[in-house]
Amino acid sequence: MSPERVVVVADPIDREALGRLKSGPCRVVDASADPASLPAQLAEAWALIVRSRTKVTADLLGKAPHLALVARAGVGVDNIDMAATAARGIQVVNAPSAATQSVAELTVAFYLLLVRGLYPFISSTKAGKWERGTHGRELSGKTVGFVGYGRIARAVAARLVPFGAKAIAFDPFVPKTVDGTEMVPLDALLERADIVSVHAAVTAENRHLLDTRAFGRMKPGAFLVNVARGALVDEAALLSALASGRLAGAALDVFEVEPPMNKELLANPNVIPTPHLGASTHDAQARAGTDTVDEVLRALRGEPLTALVAAPGGTR
Ligand code: MLT
């Protein structure tokens, strides 16, 4: 009989999913409460489960001589050194659709907060003021430009229909329309969109895709929403675009460095910041845990995998 395979869980995942994994054909080592113990725990690991906290570097992989599988309980694999896993023949899987609805709903919430200009009134009312007056706009009739048109952006576009807003999209991996949304070049999108909504995976090629040049092409008074990855936006350029009035506001769930170091950006009255919460609902995390554990159990049983990640890139 082959020795029992060891699955190391590096980051906290849904408890019920963890329980199911423990009843599978493996020995589970839960290192999530003690990240410092992870390198030592990897000595016997056959599979490793991570969320985004653990950085799966070449150095960490070096501690895991028997590793065959890295499972990411989420979408982005930018915390995994994909070249290093490929070089070792280690398979990488993710949970590509677990967070779609949660991130889509957060995105729509951001649109409404920005367009209506609600954010300052929440704090001023809490501070005892009563600042009534005509303010903000409607989402109805606005054009949302999606930078990256994968699962999440498409889910947001579907939710725009009842609001009477229009969707256009740029995505080099989606050359033709998939759902009726007009696909346009990036510059055309920047020129037409009232809200530029970022939903791309980050790669070496698209770092700072939204930079001074891009902001200069956007409609005066447009908004930026980023729920994908901070590195897609040049934060210094964003601050200048907000200061000049080119952009009226931005809602950011992700930052170039997390937790964010850019105090000026956080303090800007036209910036709505949240701490990378897009996928952090109970619903999405239950789904991410279940999808990831199911995939690891398939791998343990030698069944075909359904969420293999080929290479970094693409949309979210
Ligand atoms: C994802 O890629 O799944 C989300 O950004 C959330 C996370 O990093 O866990």
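The values are calculated or read from the model by the stated rules, or taken from the named source; none is laboratory data. These numbers were taken from a predicted model, which means no experiment stands behind them. Cβ placement follows ideal geometry from the backbone for every residue including glycine, while neighbour counts extend to all protein chains displayed. Surface accessibility is based on the protein's heavy atoms, side chains included, excluding ligands, DNA and RNA. Shrake-Rupley method; radii C 1.70, N 1.55, O 1.52, S 1.80 Å.
Counting pairs of alpha carbon atoms under 8 Å apart in space and at least six apart in sequence, what relative contact order in percent does the chain give?
Result for the chain is 19 percent.
With all protein chains kept in place, the per residue accessible area of the stretch 100-273 amounts to 48 square angstrom at a probe of 1.4 angstrom. Keeping all protein chains in the complex and leaving out DNA, RNA and ligands, what accessible area do you get for residue 97 with a 1.4 Å probe, in Å² to the nearest 10? Surface open to solvent at residue 97 totals about 60 Å². Relative to the longest principal axis of the Cα atoms of the chain, the long axis of helix 100-116 makes an angle of roughly 20 degrees.
Computed per residue of the chain from DSSP H runs no shorter than four, each worth -39500 (n - 2.57), the mean residue ellipticity at 222 nm is -9500 deg cm²/dmol. Projecting the Cα atoms of 269, 239, 199 onto the charge dipole of the stretch 100-273, computed from C-beta unit charges around the Cα centre, puts 269 farthest toward the positive end. Restricting the stretch 80-149 to GluC sites (Glu not before Pro) that sit in a DSSP loop and have at most 16 other Cβ atoms within 10 Å of their own Cβ leaves 131, 138. Per residue, the solvent-accessible area of the stretch 1-84 (1.4 Å probe, heavy atoms of protein chains only, all protein chains present) comes to 48 Å². Dipole magnitude for the stretch 100-273: about 480 debye, using +1 per Lys or Arg Cβ and -1 per Asp or Glu Cβ, origin at the Cα centre. Evaluated with a Cβ-only charge set (Lys, Arg +1; Asp, Glu -1), the chain carries a dipole of roughly 520 debye about its Cα centre, given to the nearest 20. Each Lys or Arg adds one and each Asp or Glu takes one away; over the other residues whose Cβ falls under 12 Å from the Cβ of residue 139, this sums to +3.
Kindly express, to the nearest 10 degrees and within the range 0 to 90, the angle between helix 235-244's C-alpha long axis and the longest C-alpha principal axis of the chain. Computed tilt is about 10 degrees.
Could you work out the local net charge near residue 210, counting Lys and Arg as +1, Asp and Glu as -1, over the other residues with Cβ closer than 13 Å to its Cβ?
Details: positive: 207, 213, 217, 229, 246; negative: 187, 211, 234, 235, 256.
Cβ neighbours under 13 Å give a net charge of 0.
Ordering 156, 70, 52 by Cα displacement along the dipole of the chain toward the positive end leaves 156 in first place; charges were set at the Cβ atoms of Lys, Arg (+1) and Asp, Glu (-1). Spatially, the stretch 220-238 and the stretch 12-69 are offset by 34 Å when compared through their Cα centroids. Here the extension length gained between residue 130 and residue 87 equals 9.4 nm, from 0.36 nm per residue of separation less the Cα-Cα distance.
Relative contact order for the stretch 25-183: 14 percent, from Cα pairs under 8 Å spaced at least 6 residues apart, divided by residue count.
Close Lys pairs in the chain, defined as Cα atoms under 29 Å apart and 8 or more places apart or on different chains, number 13. Projecting the Cα atoms of 281, 139, 169 onto the charge dipole of the chain, computed from C-beta unit charges around the Cα centre, puts 139 farthest toward the positive end. Overall, the accessible surface of the stretch 100-273 at a probe of 1.4 angstrom is composed of carbon and sulfur to the extent of 56 percent.
Within the stretch 97-133, the trypsin sites (Lys or Arg not before Pro) that combine a DSSP coil assignment with at most 11 other C-beta atoms in a 10 angstrom radius are 129, 132. When peptides 67-79, 296-308, 182-194, 240-252 are sorted by average Cβ neighbour count within 10 Å, with the highest value leading, the order is 67-79, 240-252, 182-194, 296-308. Can you pull out the chymotrypsin sites (Phe, Trp or Tyr not before Pro) in the stretch 114-153 whose DSSP state is coil and whose Cβ has at most 14 other Cβ atoms within 10 Å? Qualifying residues, ordered by number: 130.
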